[in-house]
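The next block holds one structure in the form of structure tokens; read it before the comments.
The values are calculated or read from the model by the stated rules, or taken from the named source; none is laboratory data. These numbers come from a predicted model, not from an experiment. FYI the Cβ positions are ideal-geometry reconstructions off the backbone, even for glycines, and counts take in every protein chain you see. Heads up: the accessible areas ignore ligands, DNA and RNA and are worked out on the full protein's heavy atoms, side chains in. Shrake-Rupley method; radii C 1.70, N 1.55, O 1.52, S 1.80 Å.
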Amino acid sequence: QTGPVIDMPVPASFNDITQDPSLENYIGWVWYEKEVLLPLRWLQDNLNTRVVLRFGSAHYYSIVWVNGVQVVEHEGGHLPFEADISSIVQGSPGIPCRITVALNNTLTPHTLPPGSIQYMNDKTRYPKNYFVQNIRFDFFNYAGIHRPVVLYTTPSVYIDDITVTTTSSESVAMVQYQVSVVGSTLYSLSLSLRDQEGKVVATGDGPAGELKVLNPNLWWPYLMHENPGYRYSLEVKMQAQANGVLLEDVYTLPVGIRTIHVTSTRFLINGRPFYFHGVNKHEDADIRGKGLDWPLVAKDFNLLRWLGANSFRTSHYPYAEEIMDLCDAYGIVVIDECPGVGIKMPESFGNKSLQHHLVVMEELIRRDKNRPSVVMWSVANEPASELPPAAYYFKAVIAHTKALDPSRPVTFVTDANYALDRGAPYVDVICVNSYFSWYHDPGHLEVIPLQLTTQFENWYKTYEKPIIQSEYGADSVPGLHSDPPLMFSEEYQKAMLKEYHSVFDQKRKEYVIGELIWNFADFMTNQG
């Protein structure tokens with residue numbers, strides 16, 4: 001016995017698809033189900049073939065069954081998870097494989113992002129059992145299966161993971177690799193690194209080692225080089241004997257050769273100062289919500305490059321792998337942010353929250369560690385970092401992140417007072433959000449030069465670390481005009497940006513290393 005059954009496209013958020021207003025703001029369990037016929041060849045060689053079900057992401061808590069057998073449970077949106085379903089499907093060839101997903105988008109003080117459920121108990125004002133989902137972040141909490149769901153196969157002995165790091169000088173680069181193979185201890189590995197013409201420039205073997213590349217083509221950001229986003233292909237080939245047959249698994253990983261170094265005033269890519277001239281984004285649009293949509297992604301990248309942007313932050317959650325692939329290819333530099341947004345309540349700084357936050361960073365780094373476009377991890381956005389428990393919390397999250405990936409700097413994005421922020425001592429780069437003449441002193445553009453200059457000087461004096469203005473901006477209604485400028489007019493937005501930019505242009509000569517405007521495009525928020 002089920003409730004109403006609705007056709008639901010995947011990938012997509014479910015919120016905007018129907019004409020039912022209760023689904024728009026629905027909180028709780030939803031169920032997805034689909035039957036598929038698997039190729040017989042996947043099912044016949046059951047000793048040597050592994051069948052895997054993979055979700056690009058689902059929001060927020062997922063339980064997955066195949067033919068009624070639970071195969072995986074996963075907490076958190078925006079990141080992939082998968083299950084080996086070989087034993088279930090290979091036992092019943094020729095019959096459809098039924099995939100069932102239960103999904104719950106409830107946010108609690110210990111989820112990431114956190115939230116809380118509030119029951120409205122006043123019977124004179126609210127129906128029985130009426131509740132609302134409170135969130136402390138300013139964007140709509142879309143839900144559903146947001147990214148592609150695929151079935152794929154590997155041999156029973158397979159390449160499970162590859163980790164690549166690079167170092168370089170002008171004339172020679174070193175590509176360090178580690179490969180993990182699962183399913184057997186008896187295997188051989190051979191590696192070849194090819195340039196964009198397909199020419200092999202280095203070879204190696206074994207599960208760990210170093211490839212030497214002479215006169216390398218470095219991975220450069222957009223507008224920093226006439227050929228940005230240069231990537232080599234690392235082909236990893238595994239061979240293993242199992243059950244009397246030779247198994248082979250081949251994986252090709254794009255590799256960008258680039259280095260990152262942070263000084264007290266500069267952010268260096270390949271030894272040259274890099275200035276983050278970019279935006280904050282969101283992953284949402286009409287109808288599809290947060291569902292991956294290729295035409296939209298292509299349009300966004302064309303707009304980004306047309307703007308002259310060289311970077312963006314994945315505010316406020318990891319974006320689709322397909323988007324990250326294009327950043328690598330186009331040379332768009334990324335500050336890769338986990339879903340740690342709205343961490344405001346004291347109970348969201350306890351051990352339960354911390355433990356989940358550490359797992360999320362593990363999943364994010366495992367997914368994106370080999371991407372040349374990712375130059376820094378962000379572990380949170382605008383947390384209540386002035387609270388006493390924030391010190392231990394961010395010290396632990398940042399230390400864990402650096403242990404997982406020593407090759408990249410780590411930050412979080414703050415809107416706290418420089419003198420009260422308890423997480424800032426642990427970051428490599430200070431990222432600050434401020435909205436002078438918008439949320440503060442609304443309408444008073446004349447306060448910006450003083451307030452923004454003072455903000456930068458206070459932070460630098462306290463920490464002597466490079467600073468990114470990670471959010472600034474003003475809302476505007478397209479077509480609304482006003483002279484002299486009034487808030488929400490196009491002219492006010494332009495005038496505010498001009499005031500900010502004149503301060504940035506001075507301070508980038510010292511220690512300001514970037515400006516990321518809020519926001520690249522319109523996005524959905526709660527009604528209010």
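Identify the residue in region 28-42 that is part of a strand (DSSP E or B) and open to solvent by less than 40 Å² (accessible area, probe 1.4 Å) and, among all such residues, is nearest to Tyr119 (Cα to Cα).
Among those residues, the one meeting the criterion is Val30.
So which residues in region 1-27 are over 14 Å from Gly291 (Cβ atoms) and buried (at least 18 other Cβ atoms within 10 Å of the Cβ)?
Answer for region 1-27, where residues must be over 14 Å from Gly291 (Cβ atoms) and buried (at least 18 other Cβ atoms within 10 Å of the Cβ): there is none.
Taking region 465-489 as the search range and keeping residues that are within 23 Å of Ser315 (Cβ to Cβ) and free of Cβ contacts under 8 Å to residues at least 40 places away in the same chain, which one is most open to solvent (accessible area, probe 1.4 Å)?
Applying the filter and picking the extreme gives Pro478.
Please count how many residues of region 382-437 are assigned to a loop (DSSP other than H, G, I, E, B) and either open to solvent by 30 Å² or more (accessible area, probe 1.4 Å) or closer than 22 Å to Pro346 by Cα (or both).
Within region 382-437, residues that are assigned to a loop (DSSP other than H, G, I, E, B) and either open to solvent by 30 Å² or more (accessible area, probe 1.4 Å) or closer than 22 Å to Pro346 by Cα (or both) number 21.
Residue by residue, here is whether (1) closer than 14 Å to Val255 by Cα; (2) touching a Cys at 6+ places or on another chain (Cβ under 6 Å); (3) touching a residue at least 40 places away in the same chain (Cβ under 8 Å) holds:
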site: Pro148; (1), (2), (3): no, no, yes
site: Tyr158; (1), (2), (3): no, no, yes
site: Tyr187; (1), (2), (3): no, no, yes
site: Leu193; (1), (2), (3): yes, no, yes
site: Ala208; (1), (2), (3): no, no, no
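Inspect all residues belonging to region 234-255 and state whether any of them is of a type in the set (Phe, Trp, Tyr), buried (at least 17 other Cβ atoms within 10 Å of the Cβ) and not in a helix (DSSP H, G or I).
No - not one qualifying residue is present in region 234-255.
Please return the ranges of strands (runs of 3 or more DSSP E) entirely within region 70-133 where 3 or more residues are over 27 Å from Arg367 (Cα atoms).
115-119
With (1) charged (D, E, K, R); (2) in a loop (DSSP other than H, G, I, E, B); (3) surrounded by fewer than 18 Cβ atoms within 10 Å (Cβ to Cβ) as the list, and Arg147 as the residue in question, which single condition is left unmet?
Answer for Arg147: the failing condition is (3).
Please go through region 493-503 and pick out each residue that is surrounded by fewer than 20 Cβ atoms within 10 Å (Cβ to Cβ) and either under 17 Å from Trp459 (Cα atoms) or among the small types (Gly, Ala, Ser) (or both).
Ala495, Ser502
Specify which of the listed residues (His444, His440) is at pLDDT below 95 and surrounded by fewer than 19 Cβ atoms within 10 Å (Cβ to Cβ).
So the residue among His444, His440 that is at pLDDT below 95 and surrounded by fewer than 19 Cβ atoms within 10 Å (Cβ to Cβ) is His440.
Output the qualifying pairs, or none if there are none: Cβ atoms under 9 angstrom, residues six or more apart or on different chains, first residue in region 449-464 and in the same structural domain as Ala424 (by the TED database), second residue among the hydroxyl-bearing types (Ser, Thr, Tyr) and part of a helix (DSSP H, G or I).
Correct list of pairs: Pro449/Ser502; Leu452/Tyr500.
Which number in (1) closer than 29 Å to Leu354 by Cα; (2) among the charged types (D, E, K, R); (3) touching a Ser or Thr at 6+ places or on another chain (Cβ under 9 Å) marks the one condition that Glu82 misses?
Failing condition for Glu82: (3).
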